[in-house]
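Here the structure is laid out as structure tokens; the discussion comes afterwards.
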Amino acid sequence: MVDLFYLKTFVAVTRTRSFRVAAERNFVSQPAVSQHIRVLEKKLGAALFERRGRNVVLTPAGETFLPYAENILKQYEEAQTRVRELDNKFGGTIRIATIYSVGLYELQPVIKQFLKKYPEVNLRVEYHQNAAIYEMVSSRVIDFGFVAFPQKRSGVVTQTFAQDELVLAQSPQQRAIPRKTIALKDLEGAKLIGFAAGTGTGKVIQHFFAAKKVRPDIRHEYDNIELIKSAVVLGLGCALVPRKTILRELNDKTLETVEVKGLSIKRPIGVLYPGGKVFTKTTRTFYEMLTQP
């Protein structure tokens, strides 16, 4: 039988790509980390890591073993949480994966409110792309995923909990659009900073322009809202962005919006969780705080 701490060590090495850093995070010595990995490799009959320069990377056997190790650790934490909650106590860990724009702007108020009320809960937030989040939810390595324009997937439950409108933003110092109000057709040939085509928001924007037969000059595409905003602030072009993501920039006047007649794109924000998920009192409270008005 394998010690759970060995699995924790294995996951820590995977995430940090370093035996030294994994040792520091688990408060053990580096030789102890090496010993834990050797025991696992002996039990499994396969090497889990290989060294590449200063980093270690997973072997094919390690990649296969990783989701099982993460799932075992998660199930153990859920079991601990359920036992604690028999005494009506909150605790345990809530694992969240989110795209940048949702995590930085939609979730922050909810997370702050939740942790203020339940400081004993360990809430872990990771940032990933859409496709990875759906995969993490379906494989049950996280409790909740957050995406824009949620889609139905087998084994994944989706719930829309917020809506944001897309607005056209530009730098007031280096304007891509010289007027404060334009028609949609005026975006033909305009310098545009876009969301990457692989993102939900990027796909919807592309389909919108195609349906309206408008072809802006797309200069750059990013999957990170902060990179999009930085490019716009620098005057590299304008961009369609969720209004909530630029409130600070509008306030300090590093960005401004241009009214576009005929532009109406709402961006739904969805929370995902695995089908058949067993909610603990902690995860149920977080979910209800997020989805109930």
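Specify, per residue and in Å³, the volume enclosed by the convex hull of the alpha carbon atoms belonging to the chain.
Working: hull volume 50.2 nm³, N = 293.
About 171 Å³ per residue, rounded to a whole number.
Using DSSP to define loop residues, name the trypsin sites (Lys or Arg not before Pro) in region 195-227 whose beta-carbon has at most 14 other beta-carbon atoms within 10 Å.
Numbers: sites: Lys203, Lys212, Lys213, Arg219; in loops: Lys213.
Filter output for region 195-227: Lys213.
Compute the length gained on full extension between Val110 and Arg54: take 0.36 nm times their separation in residues and subtract their Cα-Cα distance, giving the result in nm to one decimal. Working shown, then result.
Working: separation 56, 0.36 × 56 = 20.16 nm, distance 3.89 nm.
Extending this stretch completely gives an extra 16.3 nm.
If DNA, RNA and ligands are ignored and the probe is 1.4 Å, what is the ranking of His207, His220, His36 by accessible area, most exposed first? The partial results should precede the final answer.
Working: His207 130, His220 75, His36 20 Å².
Per-residue accessible area, sorted high to low, gives His207, His220, His36.
Principal axis analysis of the Cα atoms in region 182-241 yields extents of 28, 24, 15 Å, listed in decreasing size. Modelled spin labels at Asn71 and Ser264, positioned 7 Å past Cα toward Cβ, are 4.5 nm from each other. The trypsin sites (Lys or Arg not before Pro) of region 229-269 that DSSP puts in a loop, and whose beta carbon has at most 12 other beta carbons within 10 Å, are Lys253. With the highest mean first, a sort of the peptides 181-191, 232-242 on other beta-carbon atoms found within 10 angstrom per residue produces 232-242, 181-191. Database remark: amide H of Arg267 closer than 5 angstrom to the amide H of Asp164, Glu165, Leu166 (H placed geometrically; neighbours at sequence offset of 5 or more, or on other chains; Pro and chain starts carry no H).
Of all aspartates and glutamates in the structure, those lying under 13 Å Cα to Cα from Lys203, and not within fewer than 8 positions of it along the same chain, are Glu221, Asp223.
How about region 37-138: which GluC sites (Glu not before Pro) there are in a DSSP loop, with at most 16 other Cβ atoms within 10 Å of their Cβ? Walk me through the intermediate numbers first.
Details: sites: Glu41, Glu50, Glu63, Glu70, Glu77, Glu78, Glu85, Glu106, Glu120, Glu126, Glu135; in loops: Glu120.
Here the GluC sites (Glu not before Pro) that fit, given the DSSP loop and packing criteria, are Glu120.
About its Cα centre, what dipole magnitude does region 1-147 give when the only charges are +1 on Lys and Arg Cβ and -1 on Asp and Glu Cβ, stated in debye to the nearest 20?
Numbers: 21 positive and 15 negative charges, 87 e Å.
Around 420 debye, computed over region 1-147.
In summary, the lysines within cross-link reach of Lys117, defined as a Cα separation below 26 angstrom excluding same-chain residues under 8 places away, comprise Lys74, Lys89, Lys244, Lys277, Lys281.
Spatially, region 162-230 and region 1-76 are offset by 43 Å when compared through their Cα centroids.
Here Lys213 is the anchor, and the aspartates and glutamates within straight C-alpha reach of less than 18 Å, apart from those fewer than 8 places off in the same chain, are Asp186, Glu188.
The values are calculated or read from the model by the stated rules, or taken from the named source; none is laboratory data. Just so it is clear, the model here is predicted, and its values are computed rather than measured. With ideal geometry, Cβ positions are generated from the backbone for all residues, glycine too; neighbour counts draw on all protein chains shown. For the accessible areas, the whole protein counts, side chains as well, though only heavy atoms, and no ligand, DNA or RNA atoms are used. Shrake-Rupley method; radii C 1.70, N 1.55, O 1.52, S 1.80 Å.
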